[in-house]
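Written out below as structure tokens is the structure these notes cover.
What follows is calculated from the coordinates using simple rules that are stated; it is not laboratory data. Source: prediction; values computed, not measured. All Cβ positions, even for glycine, are placed from backbone atoms using ideal geometry, and neighbour counts span all protein chains on display.
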Amino acid sequence: MQARLIAAQDNAGDNVNLALLQIYLQRQGNALSEAQFSQLAASLQPFSAQHTGQLRKLRRELLASEALDEKSRQQLKEHLLAAELTLEAVEQRLLVDLYNQL
């Protein structure tokens with residue numbers, strides 16, 4: 001499932017956190033309606049685009065840079081991935097807050 005979610009994120013711009021919330025809610029018998037899903041996606045999109053998405057893009061660009069030696073590339077990867085995961089956690093909290101307001 002992880003590979004499919006990451007592929008959907010990379011290829012279609014889907015938000016993994018929103019997909020995981022939908023899966024969780026479905027398993028609890030409380031699936032989001034299409035309108036609720038769209039509302040959450042629209043509410044989360046600005047933060048995701050401005051912060052999480054930009055950091056993910058920077059991380060990928062730096063990892064592909066030929067100007068960096070392998071040690072620098074690895075250090076940057078670790079630090080940027082940690083920051084990206086922190087932003088993902090912020091997104092998750094935002095989603096829960098937004099969901100509770102529906």
Against the conditions (1) loosely packed, with under 14 Cβ neighbours inside 10 Å; (2) farther than 30 Å from L102 by Cβ; (3) touching a helix residue (DSSP H, G or I) at 6+ places or on another chain (Cβ under 9 Å), where does D69 fall short? Just the number, please.
(3)
Hey, can you tell me all the residues within the range 17-37 that are surrounded by fewer than 16 Cβ atoms within 10 Å (Cβ to Cβ) and more than 15 Å from L94 (Cα to Cα)?
I23, Y24, L25, Q26, R27, Q28, G29, N30, A31, S33, E34, A35
Looking at the range 61-99, which of the residues that are of a type in the set (K, R) and closer than 19 Å to H51 by Cβ is farthest from the chain's Cα centre (by Cα)?
K77
